[in-house]
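Below: the structure, in structure tokens.
Only the coordinates and a few stated rules stand behind these numbers; no lab work does. Not measured: the values here are computed from a predicted model. Cβ placement follows ideal geometry from the backbone for every residue including glycine, while neighbour counts extend to all protein chains displayed.
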Amino acid sequence: MKYRRLGKTDLLVSEIGFGAWGIGGTTAGATSYGPTNDVVSRKALDCAFEEGINFFDTSNVYGDGHSEALIGQAFKKKRSQVLIATKVGLVKYGQATNFSIKNLSSSFEASLKRLQTDYVDILQLHNPSLDSIEPIHKIHAWIDQLKNQGKVRAFGVSVRSPADGLWVIDKLKVQSLQVNFNLLDHRAIGSGLLKSSAQNQVSLIARTPLCFGFLSGRLSKNTRFDKLDHRSRWPSQQINNWAKSSRKMLSYKTNSPYQTNTQFALRFCLSYPQIVTAIPGILNEKEVKENIIASDIGSLRTNQIMEIQKAYQKVRFLIEDDSFKNIQSQDLGKIDNYHKK
């Protein structure tokens, strides 16, 4: 496992992180990847640590706090050896965000209890918009206070879209920015976000590096998802598009016997120095062991990157129609905008 420095901090982050949305299990509605087994989840966390993953990304809403609780149980005796990132501002799936200092403070304190720690390494605002947060100076003052108290080591934002990331870098003093980025989603490049992050020394955390599992090559347009799996609510046109587009982008994989589709997709993300870590959603030990190899193999070659970027111009990431609008509004906003898998 290789490690990269987070922004201007002294935090060294594993190139492959642990996206902990899935292990939170189910909440009301189709808001996760379906039912989970805590024994399997704990084994995945333990395996990740043993294999060199030191970055664990979670939130108060993942399983209504259950994801945080599992991470707290797993690492309470080796807290100093891991980096934990959590989020505040999103109260529950389907409900409006709340970025008042009062709510952020109470939510953060509850997260600390579940995590069984007195600090987090990165505290992130969860899907803010300019009109949803209190005056920015109040957010800065609150974060500075937490840093002075030793409760927060770095400040970041998990954004709804790459476009939102640009104003976050411009308006908020962040060390990290969590954003969607994968073989099927180059919006962070086209929007200028990668360039801006480099200029401002803000590290990017690549979520959805496997585009909800489609870049594993194991899903198709005929895949049937559990009714509690958020993918069951996506329009068939979008599912078909991701299945077809994944096959197209994965066709650029070389040395097939030596790497899986998953590893190729993760290597693409890690080929950009602005990306400090890619955080695929991990549910079990098998996924841990497959994912970490991407760091060992290393970045893609420059000519591969150029070919992929050229091919991307002919790929439609989103299929937009009237039937898609309601799903898009909820899944892209309330469920952390193309979340972790």
Original post:
By how many nm would the segment from Arg218 to Asn303 lengthen if fully extended, with 0.36 nm per residue of separation less the alpha-carbon distance?
Top reply: 28.0 nm
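Charges only on Cβ, +1 for Lys and Arg, -1 for Asp and Glu: so what's the dipole of the stretch 3-334 about the Cα centre, in debye to the nearest 20?
Using only the charged Cβ atoms, the result is roughly 360 debye.
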Original post:
Which of Tyr272, Tyr33, Tyr119 comes first, and how do the rest follow, when ranked by fewest Cβ neighbours within 10 Å?
Top reply: Tyr119, Tyr272, Tyr33
Subject >> Distance from the stretch 281-309 to the stretch 19-60 (C-alpha centre basis), Å >> reply: 20 Å
**OP:** Kindly flag which residue pairs out of Lys221/Lys248; Lys78/Lys289; Lys227/Lys248; Lys77/Lys113; Lys92/Lys248 have an alpha-carbon separation exceeding 26 Å in this structure.
**Re:** Lys227/Lys248; Lys92/Lys248
Subject >> Acute angle (nearest 10 degrees) that the helix 101-115 long axis makes with the longest principal axis of the chain, alpha-carbon atoms >> reply: 70 degrees
**OP:** Please determine, in degrees from 0 to 90 and to the nearest 10, the orientation of helix 302-312 with respect to the longest principal axis defined by the Cα atoms of the chain, where the helix direction is its Cα long axis.
**Re:** 80 degrees
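If each residue's Cβ is checked for other Cβ atoms within 10 Å, how do Glu50, Glu307, Glu68 rank with the fewest at the top? Could the numbers behind the result be given before it?
On the way: Glu50 10, Glu307 13, Glu68 30.
Sorted ascending by nearby Cβ count, the order is Glu50, Glu307, Glu68.
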**OP:** For Gln124, list long-range residues whose amide hydrogen, built 1.01 Å from N in the peptide plane, is under 5 Å from its own amide hydrogen.
**Re:** Thr86, Lys87, Val88, Gly156
Subject >> On Cα atoms only, tilt of 236-250 relative to the major axis of the chain in degrees >> reply: 70 degrees
**OP:** Among Leu215, Leu130, Leu83, determine the one that fluctuates most according to a GNM of the chain built with springs between C-alpha atoms less than 10 Å apart.
**Re:** Leu130
**OP:** For each of Asp229, Asp64, count neighbouring Cβ atoms within 10 Å of the residue's Cβ, then give the residues from fewest to most.
**Re:** Asp64, Asp229
Subject >> 5 angstrom amide H check on Val13, placed H, neighbours 5+ away >> reply: Arg4, Arg5, Leu6
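Could you tell me which trypsin sites (Lys or Arg not before Pro) in the stretch 182-266 are loop residues by DSSP with no more than 10 other beta carbons within 10 angstrom of their beta carbon? Don't skip to the answer; put the middle values down first.
Details: sites: Arg187, Lys195, Arg207, Arg218, Lys221, Arg224, Lys227, Arg231, Arg233, Lys244, Arg247, Lys248, Lys253; in loops: Arg218, Lys221, Arg224, Lys227, Lys253.
Sites meeting the loop and neighbour criteria: Arg224, Lys227.
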Subject >> Taking the stretch 3-334 and dividing mean pair separation by its residue count, relative contact order in percent (alpha carbons under 8 Å, at least six apart) >> reply: 21 percent
Original post:
Which of [x] 15.5; [y] 19.0; [z] 23.2 is the computed mean projected area of the Cα convex hull in nm² for the structure on display?
Top reply: [x]
Subject >> Residue among Val276, Phe264, Asn222 farthest towards the positive dipole end of the stretch 191-280, charges placed on Cβ >> reply: Asn222
**OP:** Take the chain, connect every pair of alpha-carbon atoms lying under 10 Å apart with a spring to form a Gaussian network, then pick out the residue of Thr36, Thr58, Thr86 with the largest mean-square fluctuation.
**Re:** Thr36
